[in-house]
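The values are calculated or read from the model by the stated rules, or taken from the named source; none is laboratory data. Nothing here was measured: the structure is a model prediction, and the numbers come from that model. For neighbour counting, all protein chains shown are included, and Cβ atoms are generated from backbone atoms with ideal geometry for every residue, glycine included. For the accessible areas, the whole protein counts, side chains as well, though only heavy atoms, and no ligand, DNA or RNA atoms are used. Shrake-Rupley method; radii C 1.70, N 1.55, O 1.52, S 1.80 Å.
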Amino acid sequence: MSKSFFHPTAIIDEGCTVGEGTRIWHWCHIMKDVKIGDNCNIGEHAFIESGVVIGNGVKIKNNVAIYTGVVCEDDVFLGPNCVFTNVANPRSYIERKNEFKKTIIKKGATIGANATIVCGNDIEEYAFVGAGSVVTKTVPAYTMVIGNPAKFYAHVCKCGVKLDKGLCCPACGAQYIKDNNGVIREK
């Protein structure tokens, strides 16, 4: 495995675990008790709050803010300036740390630039959140959502390409089916 790289301006608090081959760039702040997997890339000015878990192969672009309660599984992509919340009704004069809601970004999911993920709403496997979208409910696997609030736009392949009407990927040829619960999955 390749050696990890931490830019000299990055602040990595004690108690963090950072995997091999992970690169942390300029002016990032990784708070205590964060777990980061192998071969991740964390772009400039990213902020990762205490207790966050980042899987292997995760790409976090510039200016991303990830707050306590967020878990990113393997191979997740977080676009520039996307942000997560962790309290449903924040007030500066009321401490609600005991009300943090967990948000899981599952394997292979993509969150586009400037998207906002409201806490407690998971992004399922290989889902795709369009740039600028505001997620206010869980996004199903292999689904692309766009808008504010984010709504269904299309089903997508593992490779991120919109499926055709026959649930086939025009780019890689993968075929998908819907099961009895209406969930799309690879054939």
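Glu73: net charge of surrounding residues, Cβ under 15 Å, Lys/Arg +1, Asp/Glu -1, itself excluded?
Values: positive: Lys35, Lys59, Lys102, Lys106, Lys107, Lys158; negative: Asp38, Asp74, Asp75, Asp122, Glu124, Glu125.
Within the 15 Å Cβ shell, the charges total 0.
Over the chain, with a single point scatterer placed on each C-alpha, what log10 of the ratio I(q)/I(0) does the Debye formula yield at q = 0.13, 0.14, 0.15 1/Å? Taking Cα atoms of the chain as identical point scatterers yields -0.67, -0.77, -0.87. Here the Karplus relation 6.51 cos²θ - 1.76 cosθ + 1.60, evaluated at θ = phi - 60°, turns the backbone of region 131-144 into coupling constants of 3, x, 6, 10, 8, 10, 8, 4, 9, x, 4, 6, 10, 9 Hz, with x for every Gly and Pro.
Label sites at Ser92 and Lys178, each approximated as a point 7 angstrom past Cα along Cα to Cβ, lie 4.8 nm apart.
3J(HN,Hα) along region 98-112, derived from phi through the Karplus expression 6.51 cos²θ - 1.76 cosθ + 1.60 where θ = phi - 60°, amounts to 7, 10, 4, 9, 7, 10, 10, 9, 7, 2, x, 6, 10, 10, x Hz, with x in place of Gly and Pro.
Using heavy atoms of the protein chains and a probe of 1.4 Å, the accessible area assigned to Arg96 is about 50 Å². What would the Debye formula give as log10 I(q)/I(0) at q = 0.24, 0.27, 0.33 Å⁻¹ for the alpha-carbon point model of region 78-123, no solvent? Per q value, in the given order, log10 I(q)/I(0) is -0.87, -0.98, -1.19. Less than 5 angstrom separates the built amide H of Phe128 from those of Thr110, Thr143, Met144, Val145, all sequence-distant by 5 or more or on a different chain.
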